[in-house]
Amino acid sequence: MTFPQMPSFSLHGKRALVTGGSRGLGFACAVALAHAGAQVWIAARDRQTLEAATTLAAERDLRLHPVVLDITDVAQVEAVTDALPAFDILVNSAGLARHEPFLAVSEANFDAVMAINLRATFFVSQRVAARMREACIAGSIIHISSQMGHVGGPKRSVYCASKFALEGLTKAMALELGEDGIRVNTLCPTFIETALTASSLADPDFRRYVLENIKLGRTGTVEDVMGPVVFLASGAAGMITGSALMVDGGWTAS
């Protein structure tokens with residue numbers, strides 16, 4: 001009988017890039033990866049928010065490397081990532097939501113959501129995965145998706161479309177990149193209390209709707225995604241690829 005060896009959740013010696021890493025879920029993911037031992041670069045368009053995030057982390061003895069980057073600019077993505085070391089971990093956390101009734105959705109809002117949630121994620125992943133392959137890194141790519149990539153929601157036709165597409169992209173990437181040892185998964189939160197969701201959740205009727213659907217009876221916090229992102233990034237998830245990890249309090253169970 002062979003005694004099983006406990007897999008490691010440590011990320012020491014690993015390099016990670018987190019898009020949308022200067023605030024909200026992205027910042028929480030970056031902090032979690034840094035706590036687990038990774039060197040972490042956080043990417044965002046706004047230098048001031050990046051500086052605020054890195055300063056806040058430094059006050060807790062965590063070092064985050066700021067990267068000013070517009071992920072919708074494919075040429076800029078290539079130039080910036082080529083100037084950085086190849087990464088072991090990519091967390092695509094940058095996202096956009098513009099909620100409105102299906103019949104009222106404009107071309108501009110449709111294009112804006114798809115540009116961030118799908119197109120930018122696609123090409124950032126393409127470039128980072130290419131660098132992983134060149135460096136023979138068996139890496140982990142984690143897309144921050146949503147429970148709305150698995151169910152519908154009122155006034156969320158475009159958002160749902162972008163996240164359902166992201167789930168499909170994840171499975172296709174997993175098939176193609178598996179031979180390189182690169183794992184690709186999604187992390188799918190429910191409604192998380194952040195600055196971006198504050199206005200929606202301030203509506204009593206909407207909050208009631210949310211809480212009625214979350215079986216655990218509470219909204220999520222950014223801390224709820226920190227353990228799952230470390231797990232998916234680590235060797236403890238070494239046989240998991242092409243999958244969706246639901247962090248939805250049971251919303252999609254029914």
Spelling out what I want: for every residue of the range 107-112, take phi, set θ = phi - 60°, compute 6.51 cos²θ - 1.76 cosθ + 1.60 (Karplus), and round to whole Hz; glycine and proline get x. 4, 4, 6, 4, 5, 5
Can you tally the net charge around residue 176? Count Lys and Arg as +1, Asp and Glu as -1, for every other residue whose Cβ sits under 14 Å from the Cβ of residue 176. +1
Over all directions, the average projected area of the alpha-carbon convex hull for the chain comes to how many nm²? 15.3 nm²
The chain: most fluctuating residue of 202, 75, 53 per GNM, C-alpha cutoff 10 Å: 202
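Any idea what diffusion coefficient the range 85-170 gets from Stokes-Einstein, in µm²/s, Kirkwood Rh on alpha carbon pairs, 25 °C, 0.890 mPa s?
The Stokes-Einstein estimate is 179 µm²/s.
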Once you have the Cα-Cα distance between residue 3 and residue 107, take 0.36 nm times their residue separation minus that, and quote the gain in nm to one decimal. 31.6 nm
Given N residues in the range 8-154, what is its alpha carbon radius of gyration divided by 2.2 N^0.38 Å? 1.08
Under 25 Å between alpha carbons - lysine pairs in the chain that sit 8 or more apart or on different chains: 5
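Values quoted throughout were computed directly from the atomic coordinates according to the rules given, and no laboratory measurement underlies them. Remember, predicted model here, so these are calculated numbers, not experimental data. Every residue, glycine among them, receives a Cβ derived from its backbone with ideal geometry; neighbour counts consider all protein chains shown.
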